[in-house]
Amino acid sequence: MLRKTYAYPPLPDVEIGYSLVRLVGWAGVFVLMLVLCTCIALGILPHKPGDTAHLYVGYGGITLFAVAIWKSIRIFMSPRAPVIIVSRHGIRDSRTSHGLIPWHSVEAISLWQSRANKSVLLKLSPAAEAHLYTTRTMRFVAWSNRLLGGDGIMIGTTALTMDTDELFDLCRTYHEAAPRSPQAGVDLVQYR
């Protein structure tokens, strides 16, 4: 009996990390916004005295941008681990999931744009969604993505070494070359 063998293309694993240049740029923007919000909160900028709306905006902005700066510092100090791993078997975004999302669980890959922000949108099969959205974080991410108009997993590339269009082309190439499983959409491979 002849056995049919499938030759998979030799696609290497691609690891995408944070870009130090982009991180420095975003950290600079966060520092400028923190200074602006501090000026608003302390009344250095001209506005009506006792205007509570300006105080709320100022202190809210101080909180938001201080957290953003703290997060940027943590990223600078952390080891240079990859953020997104694209392999022949699937994709893993460590910012939203610890597991690998297999390509056979992805029904469609598209670009999603909101104003100036572009993301890669992965539409998962219903069985994969039920299996993947088991943690509170993933359920919240799915819920917020639906609110924004994207049904699926959004992968942003804001401070990464690869831009969104390149990641989209890479994902489509690997998705098309991926082996198809008889249990398509059911099993998610977990690794850490």
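The table that follows gives values for the structure above.
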{"quantity": "Under Karplus coefficients 6.51, -1.76 and 1.60, residue-wise ³J(HN,Hα) of segment 23-36 in Hz, glycine/proline x", "calculated": "5, 5, x, 5, 5, x, 5, 5, 5, 4, 5, 5, 5, 4"}
{"quantity": "Förster radius 41 Å - calculated FRET efficiency between Asp51 and Glu166 (Cβ-Cβ, nearest 0.05)", "calculated": "0.35"}
{"quantity": "Calculated from backbone phi, Karplus (6.51, -1.76, 1.60) coupling profile of segment 107-120 in Hz, x at Gly/Pro", "calculated": "7, 8, 10, 9, 9, 10, 10, 10, 6, 9, 9, 10, 9, 8"}
{"quantity": "Area of Lys71 that stays accessible when all protein chains are in place (1.4 Å probe, Å², to 10)", "calculated": "110 Å²"}
{"quantity": "For Glu129, solvent-accessible area (1.4 Å; no DNA, RNA or ligand), Å²", "calculated": "30 Å²"}
{"quantity": "Span from the segment 135-171 Cα centroid across to the segment 20-66 one, whole angstrom", "calculated": "27 Å"}
{"quantity": "Whole-Hz couplings from phi, Karplus 6.51/-1.76/1.60, listed for segment 51-58; x for Gly and Pro", "calculated": "6, 5, 4, 5, 5, 4, 5, x"}
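The values are calculated or read from the model by the stated rules, or taken from the named source; none is laboratory data. Predicted, not measured: the structure shown is a model, and the values here were computed from it. Glycine also receives a Cβ, built like all others from the backbone with ideal geometry; neighbour counts cover every protein chain displayed. Just the protein is used for accessible areas: all its heavy atoms, side chains included, with ligands, DNA and RNA removed. Shrake-Rupley method; radii C 1.70, N 1.55, O 1.52, S 1.80 Å.
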